[in-house]
Amino acid sequence: MKLAVSVLLFAAAAASSQAQELRAGTAQVVVTPPTGTPMAGYYHPRASTGVHDDLHAKALVLRQGKTTFALIACDLIHLPEPVVEASRKLIESETGIPARNVMISATHAHTGPVIPGGTSRLVFGGKEAELAQAYATGLPVRIAGAVKLALGSLQLARIRSGAGIQAELTFNRRFHMTDGTVGWNPGKMNPRIVRPAGPIDPQVGVISLETTSGAPLATLVNYALHLDTVGGLEISADYPYTLAKTIAAARPAITLFTLGCAGNLNHIDVKSAKPQKGHEEAARIGAALGQEVVRTLDSLETVKPGLAVESAIVDLPLASHDPGEVAWARQTAATYGKPKPAPFLELVKAFRILDVEARAKQPLKAEVQAVRLDSDTVLVALPGEIFTELGLAIKERSPFKRTIVVELANGSIGYVPDRKAFTEGNYEAVSARCAAGSGERLVEAAIALLTRLER
Ligand SMILES: [Zn+2]
């Protein structure tokens, strides 16, 4: 009898130490679209003519005890809900990882393919539409493929995390102007600029996965800086391409880049007249950010892993418009891609009205996901282009020491400005499909999930 009890106790101890062992696996697959595929990112159609550097879907799978979590970072403009759903379904059926434990994020590369789904602006005809649709249809198989490969490479691992600071690369792109308005991308050296209308988030989130003997497996980087530094017609992952190369030179492992809350941030320094577009600019940013990551690697801390995932669906009210504006919106949207398109902000408003109309009063469904990696470190995923004020609010109120907020993850509901920006107006506020107050609801939902994960 005594023997049986001690055997049982031994078994229980083995199970609990097993539960604390973390395993990690990584993989990447190429997701470069065929030449000629329509490219994303701007309010005018354009097709790719070649490839500067390949796009990837990069996967990191973590397993601890009975919990498995998959993070996929894609070099793509966004991932509409149908693509996320199809990818998660495939991942769940082929690997057993529950859909809710999967975080699929887009880096927001503007030199990648259009991913149809979710907005009327990206509905067009002809061969280009076929290429774009074929790409989107094939994407879940590739994303699930990356997860399967990562799962196949699981090995005992340790996690270390920390944060660097890089305040020189990212800028708030909204400005108080001398006429009292809030300008959006007002142009370099514009004498009417008074001051930025909001903050930046200079934090560089860094998480390292390594073998128990310290060999690097993956570096996870999070930074709030919009990806639109390259331009042109060649496919490119933008600055994360050089970022990954810079880190790999110091530490041979896969780099997964996730975008912080950068809805109102970009790389344009209005105080300098220097042009800031092209591969040289992307390389400058990627190298500087990569150097900060490498510097930070030495100071990362190891704490007890404690993998857990929580998520919630938040209903967000839709932006409102006058029913009389719908006919105007149709006419205006019809000028998109034509020789004489309507002015930019009118196109932005017209497509917003059409997208909101298409929802037939159904609120936007926003998934908020929170993932505890260790007792100090959490990831929060939000499904849109989120104003940096909202990301900062989550970081400030989080009960965890290190909170990384990933935008454009698990869906793509468009811009989510903070309440203040809705009253100030201009591009993001005109474009937002959600109503004022939606961003603050996401913050509350995130804090509720983080509170549940704190123990
Ligand atoms: Zn953008």
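Figures for the structure shown
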quantity: Failed item in (1) at pLDDT 95 or above; (2) touching a strand residue (DSSP E or B) at 6+ places or on another chain (Cβ under 7 Å); (3) closer than 16 Å to Ile285 by Cβ; (4) not in a helix (DSSP H, G or I), with Pro240 passing the rest; calculated: (4)
quantity: Test result for Thr258, over 26 Å from Ala146 (Cα atoms), of a type in the set (Val, Ile, Thr), within 18 Å of the chain's Cα centre (by Cα) and not in a helix (DSSP H, G or I); calculated: no
quantity: Test: residue in the range 327-348 that is within 24 Å of the chain's Cα centre (by Cα) and outside the structural domain of Arg160 (by TED's automatic domain parsing); calculated: yes
quantity: Filter result (touching a strand residue (DSSP E or B) at 6+ places or on another chain (Cβ under 7 Å) and surrounded by fewer than 24 Cβ atoms within 10 Å (Cβ to Cβ)) within the range 85-100; calculated: Ile97, Arg100
quantity: In the range 136-158, the residues that are surrounded by 16 or more Cβ atoms within 10 Å (Cβ to Cβ), without any contact (Cβ under 8 Å) to a residue 60 or more places away in the chain and of a type in the set (A, V, I, L, M, F, W, C); calculated: Ala136, Ala144
quantity: So Tyr223, is it more than 16 Å from the ligand (Cβ to nearest atom) and out of contact with any Lys or Arg (no Cβ under 9 Å at 6 or more places or on another chain); calculated: no
quantity: Single residue of Thr451, Thr423 found to be of a type in the set (Ser, Thr, Tyr) and either closer than 26 Å to Val182 by Cα or free of Cβ contacts under 8 Å to residues at least 24 places away in the same chain (or both); calculated: Thr423
quantity: Some residue of the range 34-51 being modelled with pLDDT of 95 or more, in contact with a Gly (Cβ under 8 Å, 6 or more places away or on another chain) and closer than 30 Å to Ala342 by Cβ; calculated: no
quantity: Test: residue in the range 279-297 that is surrounded by 17 or more Cβ atoms within 10 Å (Cβ to Cβ), among the acidic types (Asp, Glu) and within 16 Å of the ligand (Cβ to nearest atom); calculated: yes
quantity: Residue check for Thr332: more than 30 Å from Glu454 (Cβ to Cβ) and modelled with pLDDT of 95 or more; calculated: yes
quantity: Test for Ala273: is it exposed (fewer than 15 other Cβ atoms within 10 Å of the Cβ), modelled with pLDDT of 95 or more and more than 16 Å from the ligand (Cβ to nearest atom); calculated: yes
quantity: Every residue from the range 427-442 that is of a type in the set (D, E, K, R) and either under 21 Å from Gly162 (Cβ atoms) or surrounded by 21 or more Cβ atoms within 10 Å (Cβ to Cβ) (or both); calculated: Glu428, Arg433
quantity: Subset of the range 232-245 that is surrounded by fewer than 18 Cβ atoms within 10 Å (Cβ to Cβ) and over 16 Å from Ala288 (Cα atoms) - its residue that is nearest to the ligand (Cβ to nearest atom); calculated: Gly232
quantity: Qualifying positions in the range 405-426 - surrounded by fewer than 20 Cβ atoms within 10 Å (Cβ to Cβ) and in contact with a strand residue (DSSP E or B) (Cβ under 6 Å, 6 or more places away or on another chain); calculated: Glu424
quantity: Test: Leu265 is hydrophobic (A, V, I, L, M, F, W, C) and either closer than 19 Å to Gly411 by Cα or within 16 Å of the ligand (Cβ to nearest atom) (or both); calculated: yes
quantity: Which numbered condition Glu301 fails, given (1) within 30 Å of Leu379 (Cα to Cα); (2) at pLDDT 95 or above; calculated: (2)
quantity: Where a residue in the range 323-339 is farther than 13 Å from Ile353 by Cα and touching a residue at least 60 places away in the same chain (Cβ under 8 Å) and its partner, wherever it lies, is among the small types (Gly, Ala, Ser) and surrounded by 15 or more Cβ atoms within 10 Å (Cβ to Cβ), with Cβ under 9 Å and at least six apart; calculated: Tyr336/Ala342; Tyr336/Ala350
quantity: Residue among Gly205, Gly180 that alone is free of Cβ contacts under 8 Å to residues at least 12 places away in the same chain and either in the same structural domain as Pro252 (by TED's automatic domain parsing) or among the basic types (Lys, Arg) (or both); calculated: Gly180
quantity: Of all residues in the range 354-399 being assigned to a loop (DSSP other than H, G, I, E, B) and buried (at least 21 other Cβ atoms within 10 Å of the Cβ), the one that is nearest to the ligand (Cβ to nearest atom); calculated: Gly384
quantity: Hey, Ala248 more than 16 Å from the ligand (Cβ to nearest atom) and touching a strand residue (DSSP E or B) at 6+ places or on another chain (Cβ under 6 Å) or not; calculated: no
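This table checks each residue for (1) in the same structural domain as Thr403 (by TED's automatic domain parsing); (2) within 16 Å of the ligand (Cβ to nearest atom); (3) small (Gly, Ala, Ser).
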site: Ala86; (1), (2), (3): yes, no, yes
site: Thr107; (1), (2), (3): yes, yes, no
site: Gly145; (1), (2), (3): yes, no, yes
site: Ser153; (1), (2), (3): yes, no, yes
site: Ala163; (1), (2), (3): yes, no, yes
site: Gln166; (1), (2), (3): yes, no, no
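The values are calculated or read from the model by the stated rules, or taken from the named source; none is laboratory data. Everything numeric in this text was worked out from a predicted model, so none of it was measured. Here Cβ is always computed from backbone atoms with ideal geometry, including for glycine, and neighbour counts include all displayed protein chains.
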